[in-house]
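Comments concern the structure below.
What follows draws every value from the coordinates through simple rules; no lab data is involved. A quick note: this is a predicted structure, and the numbers were derived from the prediction, not measured. Don't worry about glycine lacking a Cβ; one is built from the backbone with ideal geometry, like all the others, and counts go over all protein chains shown.
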Amino acid sequence: MQRVFLINALRTPIALRRGGLAKIRPEIFAASVVRELLRRTNVSADVLDGVFAGNAVGTGGNIARLMSLLSGIPSSVPAVTIDMQCASAAASISLAFAKIAAGQGDCYLAGGLESVSLQPARTYATGDPRREQLAATGGTYYTAELAPGDLRPDAMLWGAERVMEQEHVTRAELDRWVLRSHHRAAEAAREGVFREWMLPVEDCTRDEGIKPRMNQRLLDRLPPVLGAGTLLTAANACRTNDGAAFVLLASERFVREHHLAPELEILATAAAGVNPDESPRGAMATAEKLLAQQHIAWTDLAAIEFNEAFAVIDVLMERAHPEVLSRYNIHGGALAYGHPYGASGAILAIQLLAALREHSGLGLLSIAGAGGLGEAILVSCL
């Protein structure tokens, strides 16, 4: 296997739905990230072996190719769109890693892009029985069928609620993680932790979801989203957002020949599946799988990043591995920043990069995906 290095990374600000990126097509704001990332690394687009980009709720087709062409990458460079839902960008990085490790290429762009603001409505074709099941909407849907027979637009929310019920999670546990996430993200914003990896796009210059004044009184006033007796609220489930994030990966040979200075080495990746009705379990299950494969203990890690699609993911982590919580989501997570589905795995890579600047050593990111999936990546500081 060839060694694989992360040269650099870049993202847009994470914008609210109908926020600063709402009127910009995702392939356009993502192209600006790609162009700037190549400029900063001094890597010519024509030496790329390929582009992998995650996208979950876009307009279909091969948006990675569209973005690639808009960014000025030559048409001779292939581009592939990956849909692993929330885990799409992490899967894109994993695929680029595998290509380089196997000697099938030397330099790839990988990451993802998403605009929930411009998410299109779709309609099942006449003759598709699902059209009849959604008769009230004329067969129109926004959320794809992610588990057989489950066409509910709130299936992911019920999945999180189910896990909370199974694990006897309390509202107080969830609230504690919401507060931690916002307060740590607000501190990171004040200190400019992510400034070097964030590219302003037109008037969108900051992460829009962070609430520095989040407090228990505000959380106590939030009603349960799924009705009386449930725990899920608008705070302990992350927002859905607009944004793009990409990393540049290269082989040891490419690094040497182009005189590059990598930030991290990618050591291994893993994917896993869990019960699709309990998708928040995917982050922990995949992380455990990867660490077991690599014979690495949780306490060997200097930094850990999980995507906080739901606060219950944090609670599962807290209960399973309390000994490493000081190394977990050091600068806050998606409960504060938000979750542009197809880009979130690459955003986590940037979170991990920042954390390892402060606490050098091994780092792990893991993200659960709709449909009961997960993707995890193990890295090391150089």
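From the list ALA261, ALA287, ALA292, ALA303, the lone residue that is within 18 Å of GLY372 (Cβ to Cβ) and small (Gly, Ala, Ser) is ALA287.
In segment 200-226, the residues that are closer than 15 Å to ARG176 by Cα reach residues that are acidic (Asp, Glu) and surrounded by 12 or more Cβ atoms within 10 Å (Cβ to Cβ) with C-beta atoms within less than 6 angstrom, at least six apart or across chains, in these pairs: LEU219/ASP175. Which residue is farthest from LEU352 (Cα to Cα), if the candidates are limited to segment 264-280 and must be touching a helix residue (DSSP H, G or I) at 6+ places or on another chain (Cβ under 6 Å) and not in a strand (DSSP E or B)? The extreme case among them is ASP277. Looking across segment 95-113 at every residue that is closer than 20 Å to SER71 by Cβ and among the hydrophobic types (A, V, I, L, M, F, W, C), the one that is farthest from the chain's Cα centre (by Cα) is identified as CYS107. Step by step: first the residues of segment 221-261, then only those that are assigned to a loop (DSSP other than H, G, I, E, B) and of a type in the set (Gly, Ala, Ser), then the one that is surrounded by the most Cβ atoms within 10 Å (Cβ to Cβ). Which residue is that? By that ranking, first place goes to ALA235.
Among the listed residues LEU316, LEU248, identify the single one that is touching a residue at least 40 places away in the same chain (Cβ under 8 Å) and either out of contact with any Cys (no Cβ under 8 Å at 6 or more places or on another chain) or charged (D, E, K, R) (or both). Exactly one residue qualifies, and that residue is LEU316. Here ALA53 fits the description: more than 14 Å from GLN119 (Cβ to Cβ) and crowded, with 17+ Cβ neighbours inside 10 Å. Checking each residue in segment 1-46 for being touching a helix residue (DSSP H, G or I) at 6+ places or on another chain (Cβ under 6 Å) and either assigned to a helix (DSSP H, G or I) or closer than 16 Å to PHE254 by Cα (or both) picks out MET1, GLN2, ARG3, VAL4, PHE5, ILE7, ASN8, GLU27, ALA30, ALA31, LEU38, ALA45. How many residues, within segment 135-157, are more than 15 Å from ALA368 (Cβ to Cβ), in contact with a Ser or Thr (Cβ under 9 Å, 6 or more places away or on another chain) and either part of a loop (DSSP other than H, G, I, E, B) or in contact (Cβ under 8 Å) with a residue 24 or more places away in the chain (or both)? Residues flagged as more than 15 Å from ALA368 (Cβ to Cβ), in contact with a Ser or Thr (Cβ under 9 Å, 6 or more places away or on another chain) and either part of a loop (DSSP other than H, G, I, E, B) or in contact (Cβ under 8 Å) with a residue 24 or more places away in the chain (or both) within segment 135-157 amount to 6.
The condition (being in a helix (DSSP H, G or I), in contact with a Cys (Cβ under 9 Å, 6 or more places away or on another chain) and buried (at least 21 other Cβ atoms within 10 Å of the Cβ)) is satisfied by just one residue among ALA336, ALA355, ALA346: ALA336. Within segment 65-80, take every residue that is under 13 Å from ALA30 (Cα atoms) and hydroxyl-bearing (Ser, Thr, Tyr) and give me the one that is surrounded by the most Cβ atoms within 10 Å (Cβ to Cβ). Ranking the qualifying residues of segment 65-80, first place goes to SER68.
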